[in-house]
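First the structure, which I've put down as structure tokens, then a few questions once you've had a look.
The values are calculated or read from the model by the stated rules, or taken from the named source; none is laboratory data. Every value quoted in this text rests on a predicted model; they were computed, and no experiment measured them. Cβ atoms come from the backbone with ideal geometry, glycine included; neighbour counts cover every protein chain shown.
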Amino acid sequence: MGLKKSFSDWLQPIPSEAGLHIATFLNSDIKSNAVIDEAAQQGIFLFSLDHFYASSTVKSGLIFGYGTIEVEQIDAGLDVLRKIFLKNEKIS
């Protein structure tokens with residue numbers, strides 16, 4: 001399961017050439033803070049893209065860091081996030 005394929009209803013990855021993170025825009029009305037808070041309760045730490053804008057124009061999104069996670073843990077983490085997105089999709 002990959003982020004781009006499995007989360008395409010909710011997220012649009014922002015192209016990047018390098019780094020230990022993936023930045024994404026939200027494609028839906030899901031509130032980024034709700035996802036961030038619930039993910040943190042599950043031990044998954046995300047950041048809001050909103051904090052990284054230099055201008056007043058803001059498009060909601062999430063930043064995923066993966067520099068300290070074991071490769072074997074990625075699919076399990078994405079499974080948890082998928083459930084969080086499905087739950088929050090019904091709320092928004």
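Just a yes or no: is a residue in the range 15-23 in contact with a helix residue (DSSP H, G or I) (Cβ under 8 Å, 6 or more places away or on another chain) and either at pLDDT 90 or above or in a loop (DSSP other than H, G, I, E, B) (or both)?
So in the range 15-23, the residues in contact with a helix residue (DSSP H, G or I) (Cβ under 8 Å, 6 or more places away or on another chain) come out as 22-23.
Filter again for either at pLDDT 90 or above or in a loop (DSSP other than H, G, I, E, B) (or both), leaving 23.
Yes, some residue in the range 15-23 is in contact with a helix residue (DSSP H, G or I) (Cβ under 8 Å, 6 or more places away or on another chain) and either at pLDDT 90 or above or in a loop (DSSP other than H, G, I, E, B) (or both).
Can you tell me which residues in the range 34-53 are β-branched (V, I, T) and not in a loop (DSSP other than H, G, I, E, B)?
As a first pass, look at the range 34-53 and keep what is β-branched (V, I, T): 35-36, 44.
Across the range 34-53, the qualifying residues are V35, I36.
Filter the range 41-66 down to the residues that are within 15 Å of the chain's Cα centre (by Cα), among the small types (G, A, S) and more than 17 Å from I30 (Cα to Cα) and list them by number.
At the first step, the residues of the range 41-66 found to be within 15 Å of the chain's Cα centre (by Cα) are 41-52, 59-66.
Filter once more, keeping what is among the small types (G, A, S): 43, 48, 60-61, 65.
G43, G65, listed by residue number.
Out of the residues in the range 1-24 that are crowded, with 16+ Cβ neighbours inside 10 Å and closer than 18 Å to V71 by Cβ, state the one that is farthest from the chain's Cα centre (by Cα).
Quick first cut of the range 1-24, residues crowded, with 16+ Cβ neighbours inside 10 Å only: 3, 6-7, 10-11, 13, 22-24.
Filter again for closer than 18 Å to V71 by Cβ, leaving 3, 6, 22.
On the way: L3: 9, S6: 12, I22: 8 Å.
Only one residue fits best here, namely S6.
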